[in-house]
Amino acid sequence: AKRETRRVRLWKAILIILLLSGAAWVTTATHRVLQREEEDDYQSSYKLFSSTIQDALVAQYDSLQLAMQSCATAISGAKRAQKATFPFVMVPDFEVLAQSVKKQASGAVELLLYSPFVQPYQVNAWTAFSVQTAPEWIEISRSVAYETARRQQTNQTRDKVPILSGPLDQDLYQEGRSISPTILHTSDGPLPPFHAPVWELSPPPFNNFIINVDYFSNQSSLESYTAMAALRQNIISQVDHFEVMASSVFRTKDHQAFHDDVIGVRAAPSLNVTNAFDHPHSVVYEPIFDTINNESSPIVGFVAGMIAWGAYLIN
């Protein structure tokens with residue numbers, strides 16, 4: 001009887017060990033299978049999420065490209081309609097054209113400017129032309145920008161894409177009405193072979209003295225032009241700080257409010273960001289060709305759009 005009892009106990013012990021071993025093996029195997037499935041699900045989700053972001057960015061950038069191209073084409077078309085020659089081309093309704101670009105670009109374009117190329121022998125004729133014709137487009141642009149800002153603030157617009165327009169305070173336009181009577185190259189470096197004066201801007205400038213400042217005074221702008229001219233297509237600049245140019249067309253507090261309320265990208269409170277230019281911005285350059293719809297014709301200027309990258313990350 002004692003032998004039988006020992007045998008039973010031995011077999012029970014063996015059975016318990018086998019059961020525990022089997023349970024441990026099943027548990028380990030199940031954990032590994034589930035872990036592998038979880039990793040596969042994570043990788044699949046990550047790839048899907050990454051692809052979604054990429055597709056959204058590509059679609060939005062395609063819209064930006066088309067908008068910039070249409071703007072450059074419209075300026076070339078204005079030259080033909082006016083029977084003019086570059087650089088002596090002025091678009092009276094530039095603000096209307098610029099606002100259309102901004103809406104097509106999902107509000108990412110905060111500042112848009114048109115700059116023609118002026119050869120040294122054209123400087124005197126250009127300054128006379130710009131001083132004479134600038135008041136017309138400035139007056140129209142300020143009127144359009146004010147009406148857009150008023151409608152946005154009072155929710156009287158059906159536009160789904162808010163844009164950074166001019167201020168409601170028209171007194172801001174009372175200062176600096178004079179236009180530079182010459183092209184100002186503000187850099188101490190060597191002069192470029194030709195000039196790119198700041199001409200038409202959106203929003204319209206507070207201080208008209210920004211008009212005829214040579215855009216090539218900034219070395220990085222000249223480098224961006226060189227790349228654009230070599231590729232003969234639009235390019236995006238490196239992330240940079242463009243406050244000097246932008247401060248002539250909108251106030252810092254309006255720019256910050258646009259980032260906070262419209263773009264919806266707020267910096268962490270610990271960073272104490274009070275200037276929207278602390279968020280990344282770049283400039284998109286689109287060449288203007290001398291002949292409409294003829295990209296083999298000479299490049300006679302460019303359209304530059306300052307974009308806020310945050311606008312492409314809100315979705």
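Accessible-area rank, largest first, for 191, 57: 191, 57, with all protein chains present and a 1.4 angstrom probe. The solvent-accessible area of residue 28, taken with every protein chain present and a 1.4 Å probe, is close to 70 Å². Between residue 292 and any residue 5 or more places off or on another chain, the built amide H atoms are never under 5 Å apart.
Averaged per residue, what accessible area in Å² does the stretch 55-138 show with a 1.4 Å probe, protein chains only? Mind showing how you got there, number by number?
Values: 3380 Å² over 84 residues.
Each residue of the stretch 55-138 exposes 40 Å² on average to a 1.4 Å probe.
Compare 260, 188 by solvent-accessible area with a 1.4 Å probe and give them largest first, with all protein chains kept in place.
188, 260
Using a probe of 1.4 Å, the accessible surface attributed to residue 151 totals some 90 Å² when neighbouring protein chains are kept in position. Using a probe of 1.4 Å, the accessible surface attributed to residue 102 totals some 0 Å² when neighbouring protein chains are kept in position.
For the pair the stretch 62-95 / the stretch 183-230, the C-alpha centres are spaced 18 Å from each other.
Quick check: from the Cα gyration tensor, does the stretch 55-148 come out rounded (a/c under 1.5), prolate or oblate? Don't jump to the answer; show the numbers that get you there.
Details: a/c = 2.48, a/b = 1.63, b/c = 1.52.
Here the stretch 55-148 falls in the prolate category.
Along the stretch 123-128 the Karplus relation, 6.51 cos²θ - 1.76 cosθ + 1.60 evaluated at θ = phi - 60°, assigns HN-Hα couplings of 4, 4, 5, 5, 5, 5 Hz to successive residues, with x for each Gly and Pro. A 1.4 Å probe over all protein chains sorts 306, 245 by accessible area into 245, 306, starting with the largest.
The values are calculated or read from the model by the stated rules, or taken from the named source; none is laboratory data. Everything quoted here is computed from the prediction, not taken from an experiment. Accessible surface areas use protein heavy atoms only, side chains included; no ligands, DNA or RNA. Shrake-Rupley method; radii C 1.70, N 1.55, O 1.52, S 1.80 Å.
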